[in-house]
Structures are given as C-alpha cells and as structure tokens.
Amino acid sequence: MRTPRDLFMEAVRGGLPARVPVFPRDLTLGLDVTGVPTTEVFGPPYDPRASAAAILALQDAVGHDAVVGCIFGCMVTGFGVELGIPEKGVPYPKDAPFSDISVLDAASPDSVRDGMLSGMRESYRIIRNKREDLAVIMNLAGPVTNGGNLRNMEMLLMDMISDPDTANRIMDFSVETIISAMDYIGADLTDSLFLASATDNPDLLGDGMYREFCIPALKKICSAAKEMGLPSVFHPHGKFDEGSSEILDATVRSGIDCFQFSEENDGSSIMRIIDGKCSIMGGPDVMGTLLNGTPGAIVSDTMRFLDELSDHPYIMSCSCSLHRGFPIDNLALMTSTAHSFLR
C-alpha cells in the first residue's frame, strides 16, 4: 500500500498519484492541539519533544500527508539576535544581526547551526522515527526573506537600490546560511526543501531587482538541494499571471521542482504558464476561505482547485502558513475533501 509520503514525493517530482496529497504548512498551529505555550518550546533551550509532539498531534487531528519537521523559528539566533516569543503567538526576531554591515566581515554562515537549530533538527529526527509513512518537509526562509531577517528588510531594499555591492554581500551570506542549515538538518531526516519566501516577491522588489537578486540566489540553493537529493518547493508572494509570465518562467528555470502560489493568484493560469515544467502547490485562501468561510464554502473552494488542477502534478495546500488560533476543524474539512477526490 502506498504511503502519504509516496504520494507527496510522486506529486512534487511531477507525477500524478491517484490521490492528491495535502500539505498544510503548520508553523505553530500544532501547539493549540497540545496546549503548550510557545514560550515552552523556544525556551531556551528549544524543546524538540514538545515541538514534535505538536506537529504530530495536528497531523493526527487533520490527516494530512506531509508535515514540517519542527515548530517554526527564525535563523538569526546563531548571530546573536534574540527572538520575541509571545506565550501563544509567533516568534519574531527583535533585531537584525547585520543592520551594522561592518559586523558581516567577521561572521560565519555556519553560526546558523546554533543550539536552537540543533533542537529543531532533533524535532525532525523524532518525527521521522515515529512516522516514516509521512513526508517530512524542511521549512527554511527563502533567500531575500532570509536576507531581510539578517540585514533588516527595509535596509536590504535600500541596498538593492543604492548600494548593490552591499546587497550582493548580504544575499551571498543569506544563501550560504540557508545551504548550511539545509546540510545540517540533512536529507536523512527530510524529503523536500520548502523555501518560505514572502519577501522574495516581484511586487515588492520590482521585476528588475527580483531578477538581479532573487533568481541567482535561488539557483544556488536549488542546485545544492539537488546535490542532496531533495526536491525544492518555492513559495514567493506577489501576483503571478499572464502579465508576469517571463518572471514566472525565470523562477521555474532557476531549478525549483514545485511552485506554490500565494493568495490572490489563479492556480490554473499559473499552471498554463508553467506548462509541465514543474509541479504546483496551492489552494484555498487562508484568510478569506479557511478562516472566515462556511463549511460549504470551504468544500466548494477545495473542489474548485481539485477540478482545475488535478490533471497536473498538484499538491493541495492553503495559500500560506498556519499559526495558532486558526480553526483546526476547517483545515480538517479541506483535507478530508481533498482525500475523497480520486483521479
């Protein structure tokens, strides 16, 4: 019998399994199932057992096919930055380690491998050992998004406009930290790389800066992932449609294996532009449908995506990540609806 992991891996690599796999990217939502405060997971030290228990508790409640390997954290603590950790909220960096660019000269990308990342890797190990049937996804920040966390996003944007040499230094360092973290977590514990890339966003950067700074960085990361045997999923925000087909084509040609569209995008239009060059991921809008919609609206919207995209290599997800306070029953309804649909 084929496992959920089998279904996900076939789809992400361009196949058409009989059932569309589901990957709702849970970053803190599982803690609502176990009832553990966010502060208890992040300590310090980071608690891998509490992290893994929350991820698996949500999967037990919802039944999805692929899970992230740990409760979300930013890759900045190894560079001396503290996280703000609300008791029942989402962790956030209190500062950017390289807002003073002179500090970058003495920094090592491998400093990302700190105690927090070690705890996260242990969470991955626990999940892999307990549930070998599930696909385990390595969730890391995309290159510009990570660069913004390292430099400060506003400062990085100013660098891209007025000081491209500094912007390139930050982007090179961002890529190196992502690859270092990816190698440290390891292909032995994960099945696919997911690049969470809210600010790798052509609407924010403009097409020119997106091509200049995001695409080359993405190529390096995807190449390293392929060397590890990991397919890569890229999830930028921004509008992708017929008017941005050249940007989408350049994104796909960077080496990604799967493109996840965000809110306010039309999946079937994106699929026509991609035209079989990679798989696609996406689904109901987190805010408009899954958070505030009726059960009937959730089923209807889920079926719409399945009808439009199921003839293509497709993985169902919602438009973006999921955090504490989200209605779990709505997520379970999306998942069960998808699982009832057979090609």
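The values are calculated or read from the model by the stated rules, or taken from the named source; none is laboratory data. Nothing here was measured: the structure is a model prediction, and the numbers come from that model. Every residue, glycine as well, gets a Cβ built from its backbone with ideal geometry; the counts of neighbours run over all protein chains shown.
See the values below:
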read-out: Single residue of L230, L140, L195 found to be hydrophobic (A, V, I, L, M, F, W, C), in contact with a Gly (Cβ under 6 Å, 6 or more places away or on another chain) and closer than 23 Å to D6 by Cα; value: L195
read-out: Residues satisfying the stated conditions in the stretch 111-154, i.e. under 18 Å from A217 (Cβ atoms) and either among the aromatic types (F, W, Y) or surrounded by fewer than 18 Cβ atoms within 10 Å (Cβ to Cβ) (or both); value: M153
read-out: Residue match in the stretch 86-108 (condition: modelled with pLDDT under 95, in contact with a Gly (Cβ under 9 Å, 6 or more places away or on another chain), of a type in the set (F, W, Y) and not in a loop (DSSP other than H, G, I, E, B)); value: yes
read-out: Every residue from the stretch 136-180 that is closer than 27 Å to P24 by Cα and either free of Cβ contacts under 8 Å to residues at least 24 places away in the same chain or within 14 Å of the chain's Cα centre (by Cα) (or both); value: V136, I137, M138, N139, L140, A141, G142, P143, V144, T145, N146, I178
read-out: Where E87 falls short, out of the listed (1) closer than 21 Å to D26 by Cβ; (2) within 21 Å of the chain's Cα centre (by Cα); value: (2)
read-out: Residues located in the stretch 129-183, provided they are touching a Pro at 6+ places or on another chain (Cβ under 8 Å), not in a helix (DSSP H, G or I) and not hydrophobic (A, V, I, L, M, F, W, C); value: D133, G142
read-out: Verdict on F213 being aromatic (F, W, Y) and more than 15 Å from F259 (Cα to Cα); value: yes
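Let's see how each residue does on (1) part of a helix (DSSP H, G or I); (2) under 24 Å from V67 (Cβ atoms); (3) touching a helix residue (DSSP H, G or I) at 6+ places or on another chain (Cβ under 7 Å):
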position	(1), (2), (3)
S268	yes, no, yes
I273	yes, no, yes
I280	no, yes, yes
M287	yes, yes, no
V299	yes, yes, yes
L306	yes, yes, yes
D311	no, no, no
I315	no, yes, yes
